[in-house]
Every structure is written in C-alpha cells, then in structure tokens.
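**Q** Can you read through this structure? Questions will come right after.
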Amino acid sequence: MPPGEAFAAVARGCSPIARTEIVPLRTALGRVLASDVAASETLPAFARSTMDGYAVRAADTHGASEQSPAYLRLVDDVPTAVVPRRPIGPREAARIHTGAMIPPGADAVVMVEDTNLHPVPVGDAEVEILAAAAPGENVLTVGEDIRAGACAVPAGRRLRAADLGGFAALGITRVQVAAQPRVAILSTGDEVVPASAAPGPAQVRDVNATTIAAIVERAGGVAVAHGIAADSTLMLERTARAALDDADALVISAGSSVSVRDLTAEAIGALGAPGVLVHGIAIKPGKPTVLARCGGKPVVGLPGNPASALVVAWRIVRPLVRVLAGERIDDDGLGDERELAAVLDVAVPSRPGREDYVPCTLARDGAGHLRATPVFGASNLIFTLVRADALIAIPFDRSGVAAGETVRVIVP
Ligand SMILES: Nc1nc2c(c(=O)[nH]1)N[C@H]1C(S)=C(S)[C@@H](COP(=O)(O)OP(=O)(O)OC[C@H]3O[C@@H](n4cnc5c(N)ncnc54)[C@H](O)[C@@H]3O)O[C@H]1N2
Ligand code: MOO
C-alpha cells in the first residue's frame, strides 16, 4: 500500500485529542490553535500615514507636477502618538510622520521627496507639491488590516510568528491551544540495551527511542519513554497496553518483519479493535511497517533498522501527531514546511510502486541553486543519516530520477 494511503487509513479514524490549554503568546509558537479566534477590535483603529510627508486633500494636488507645482499652506505638524489639533481645509497641508494619525479633512499624503518647503516672510510656510496624490494614497484606512468580528486566526493553525503578531496587535495575549499529543515510545528486541548502557556481545544500543522521540517532539507532541520490551509476546503486549493506556498514540520499533521472533503485529493486534490495518507499506526504507488503530488510538510498529525507523517516523508518525493535535494537514500526510527543491547531481535508481527516500547532502552551486548529492548507505546504519543533510523523495510512480532533474528533498 502506498504510504499516503496507509497514513490516511489510520488517520481517518483518529479524532484530534479534546484536551486544550491556555498559554501565553510567549510559549504559543508551534502550538495548534484549538478554536477560531475572532478579532476583538478593528485595525487599524485610526487612519494613519505610511510615509513621512504632508497630509493634504488629494483634490488640491490634482495635476501637480515638477513643471506645474501646487502650493499649499502649511498649517500643522502631526507627530506620531498625537491627535491632530485641527482639520485640514482646502489648499492646506500638515506635515505628518509615518504612523501618525491623518487629520480630519485630509485624504492623502504626499511623500516628502515630492515636495519643497518654502518659508514665507510672514505667516505660515508654503509647501510646494511636485506630484499629484490620489485619494487614499499613502494612507492606511480604518479596518484595512482586520475588522472586529472577522476570523483572525483559524482553528487548526500551527501558530507561526505572524499569527502571534496578529494576536499581539489585537491585544490577545493568551490563546487556547490543543494539548500536546502524548506519544508512548517502546523499543523491542533482546539485543537492544539502553543508550546509557554498555552493550554486551551481540547487543546494540537503543537508537530508535531517541530518534522517534525527536520526530514526535518536532511535530509538537510529547514523547513518553517506555524503555525496551523483551522478545516475548506476552511481555510486549503487557508493556504496550500500559504504554497506550497512558498516551494518545503508541510507537513500537522493531519486530515488525517476517521472522518468527517478529511479534509486534501480533501484540498490536491484541490492543483493541479494529487492530492492524496495514502490514507492509510501499516505502524504502521502511517496508515492514505495521499501522493500527486500537480503541480509537493510532499504533505504529516501525522497522527496527535505525534509518528505516527514522524515515517512517517522519513519513507516518509526524503527520499522525499533527492530526492528533487538530492541525489541518493534507490527507496523505505530506505537505511540510521543511521541504525544499534541489537539482540532483547524479542519477538515482528506484523501483516504481514504491516511495523512496535517499539520504543526500545539500550544497549551493555557483549560480545559487541547491544541489543534492546522494549518500548511499545501509538502512541499518544511523550514520548514513547523520552524514546526510536531507532525504531525496522519489515519488511512488517513478523509476529513478536522472542527473539534472529537480527533486523534492525533505529535512526530517
Ligand atoms: N526475510 C526477510 N528479512 C527481512 C526483511 C524481509 O522482507 N524479509 N526485511 C528487512 C527489512 S527491510 C527491515 S527494515 C528489517 C525490519 O525488521 P524488524 O522491524 O523486524 O526489526 P528487527 O529485525 O528486530 O531489527 C532490525 C535491525 O535493527 C536493529 N534494532 C532494532 N531495534 C533497535 C533500536 N531500538 N535501536 C537500534 N537498533 C535497533 C536490530 O538489532 C536489527 O539489527 O527486517 C529485515 N529483514
Ligand atoms: O525497509 Mo528496511 O526498513 O529497507 O531497511
């Protein structure tokens, strides 16, 4: 099954978690907004100048040019943070500063570069206008940014700097966001020992618990470590059940392939209905992946090979965390801000009917184009990915990519 379909099959039946919390803007970056937030005010609240210059009645500048300037009487100076003292009458102008309130009567601002100021011997100075202004020119009108009652930021938005700025502009300093999905992480395998331990002969340190937790946390979830379960269906099932009870999703690594000691699918199947939905997805690396829904919660069995586990965690677990947080994402789980386009240096083979992710390094060439150079290495080796900057994504229907082609690269 293509990874996009496999993801959709699991994601479809998973409801976003209902828990929410109210957080200050300072910690809201990257959180998912729980419900639509309406603008509490109209912005700008007052008409203001976008330029340093002179506030005028546009009609008084009609036809003005360097050859035939218009002459207006300077009657006021409007700094920022001050309400203008007097309106602007016909053939009058007020000096105004960027961000200052437009005086009543004025409907345009002529920028200072298009004017000359002439002090006159008696009375007010005279402003020489060298360019005609259209009504509204260099003026921000009331409500041009947002109107009170309009949706300021929609539910399901992963909050970015701009969204937080919008809240600040409205004086909204606390927002209601989805609680961070809790994702339990469980490693399996008699040969796997904690990263802090010294492996015995024929043993390896647990790499996957760390990489999966990092993917979960980058996606906005909380990784809940459950250690390493031994290779026994009973033990695995018991540990997995306890882990899932205490979380919104469960990710198990290893034991997902076809050997007699690959117990993950069986253990997952016992955790609740409907159980295993997909066993094996058309992705390289990472084919022996198990996807399940148990009692409404997603459960993923990742391949044990560290590079494979990391790639599938990025491809499947990351968008699942986003769905659980209520973020609106594409049905196939793709569509990520950390995707780039790069020109491939050398041809990369691939089998059609499989989504391939090939580690690569990235560099800019003399013309400033991003170039991807594949790093070939086995998927059981974590340093294959440590040495890479990104993964070249070869789409499902392609049989390889030629040198010089533009490819999509992802940064997991
Ligand atoms: N006859 C076949 N054998 C295998 C196939 C196949 O289709 N037919 N698929 C291969 C592929 S591809 C992969 S990927 C692996 C997936 O196997 P499992 O998910 O069952 O994982 P294990 O066999 O338990 O482990 C694989 C490898 O990874 C090491 N490992 C496991 N957990 C961790 C961990 N937490 N941290 C670091 N390394 C870990 C484990 O020691 C093994 O070396 O199956 C192939 N075989
Ligand atoms: O699918 Mo395995 O994950 O290719 O190494």
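The values are calculated or read from the model by the stated rules, or taken from the named source; none is laboratory data. Predicted model only: the values in this text are computed from it and were never measured. All Cβ positions, glycine included, derive from the backbone under ideal geometry; neighbour counts span all protein chains shown. The protein model used for the area step is the full one, side chains on, heavy atoms only, and it has no ligands, DNA or RNA in it. Shrake-Rupley method; radii C 1.70, N 1.55, O 1.52, S 1.80 Å.
**Q** Along the Cα→Cβ direction, 7 angstrom out, place labels at residue 202 and residue 373. What is the inter-label distance in nm?
**A** Result for the modelled spin labels: 4.1 nm.
**Q** Further, regarding this structure: Counting only residues 5 or more places away or on other chains, whose amide H sits under 5 Å from the amide H of residue 347 once H atoms are built in the peptide plane?
**A** Placed amide hydrogens put 403 under 5 Å from residue 347.
**Q** Would you pull out the residues with amide H under 5 Å of residue 232's amide H, same chain only if 5 or more places away, H placed 1.01 Å from N?
**A** Residues meeting the criterion, in which the H sits 1.01 Å from N, do not exist here.
**Q** Determine, from the Cβ-Cβ distance of residue 235 and residue 126 and an R0 of 60 Å, the FRET efficiency 1/(1 + (r/R0)^6), rounded to the nearest 0.05.
**A** With a Förster radius of 60 Å, E is 0.05.
**Q** Around residue 355, which amide H atoms from residues at least 5 apart in sequence, or from another chain, sit under 5 Å from its own amide H, with H modelled in the peptide plane?
**A** Result for residue 355 returns 283, 284.
**Q** Just to confirm a number: summing +1 for Lys and Arg and -1 for Asp and Glu over residues other than residue 6 whose beta-carbon lies under 13 angstrom from that of residue 6, what do you get?
**A** Its environment carries a net charge of +1.
**Q** Return the distance in nm (one decimal) between the two label points of a simple spin-label model at residue 195 and residue 411, each offset 7 Å from Cα along Cα→Cβ.
**A** 2.1 nm
**Q** I'd like to compare 263-273, 303-313: which one has the highest average count of other Cβ atoms within 10 Å, and what's the full order after that?
**A** Averaged packing, sorted descending, gives the order 303-313, 263-273.
**Q** Could I ask something else about it? Using DSSP to call loops (not H, G, I, E or B), can you name the trypsin sites (Lys or Arg not before Pro) in the range 278-356 whose Cβ has at most 14 other Cβ atoms within 10 angstrom?
**A** Loop-located and lightly packed - 328, 338.
**Q** I would also like to ask the following. Compute the length gained on full extension between residue 225 and residue 18: take 0.36 nm times their separation in residues and subtract their Cα-Cα distance, giving the result in nm to one decimal.
**A** 72.3 nm
**Q** A follow-up question, please. Just subtract the alpha-carbon distance of residue 347 and residue 26 from 0.36 nm times their residue separation and send over the number in nm, one decimal.
**A** 111.0 nm
**Q** Would you kindly derive the ³J(HN,Hα) couplings of the range 298-315 from the backbone phi angles with the Karplus curve 6.51 cos²θ - 1.76 cosθ + 1.60 (θ = phi - 60°), listing them in order in whole Hz, with x for Gly and Pro?
**A** x, 10, 10, x, 8, x, x, 4, x, 5, 5, 4, 5, 5, 6, 4, 5, 6
**Q** Label-point separation (nm) for residue 383 and residue 338, each offset 7 Å from Cα along Cα-to-Cβ?
**A** 2.3 nm
**Q** Tell me the relative contact order for the chain as a rounded percent, counting alpha carbon contacts under 8 Å between residues six or more apart.
**A** With pairs under 8 Å counted, the relative contact order is 17 percent.
**Q** Then there is this: Can you compute 3J(HN,Hα) from phi for each residue in the range 65-81, using the Karplus curve 6.51 cos²θ - 1.76 cosθ + 1.60 with θ = phi - 60°, rounded to whole Hz and x for Gly and Pro?
**A** Residue by residue, the range 65-81 yields 8, 4, 6, 9, x, 9, 10, 10, 8, 7, 10, 7, 10, 10, x, 6, 6 Hz.
**Q** Leaving ligands, DNA and RNA out of it, report the carbon-plus-sulfur percent of the accessible area of the chain at a 1.4 Å probe.
**A** Answer for the chain is 55 percent, counting heavy atoms of protein chains only.
**Q** Heavy-atom accessible area of residue 96 with all protein chains present, probe 1.4 Å, nearest 10 Å²?
**A** Counting only protein heavy atoms, the figure is 0 Å².
**Q** Tell me the trypsin sites (Lys or Arg not before Pro) within the range 60-166 that lie in a loop according to DSSP and have at most 11 other beta-carbon atoms within 10 Å.
**A** Counting only loop positions with at most 11 other Cβ atoms within 10 Å, the trypsin sites (Lys or Arg not before Pro) in the range 60-166 are 85.
**Q** Which whole-number percent is the relative contact order of the range 339-411 (Cα, under 8 Å, 6+ apart)?
**A** Relative contact order for the range 339-411 comes out at 48 percent.
**Q** Per DSSP H run of at least 4 residues, take -39500 (n - 2.57); add these up for the chain, divide by its residues and hand me the 222 nm value, nearest 500 deg cm²/dmol.
**A** Value at 222 nm, helices only: -4500 deg cm²/dmol.
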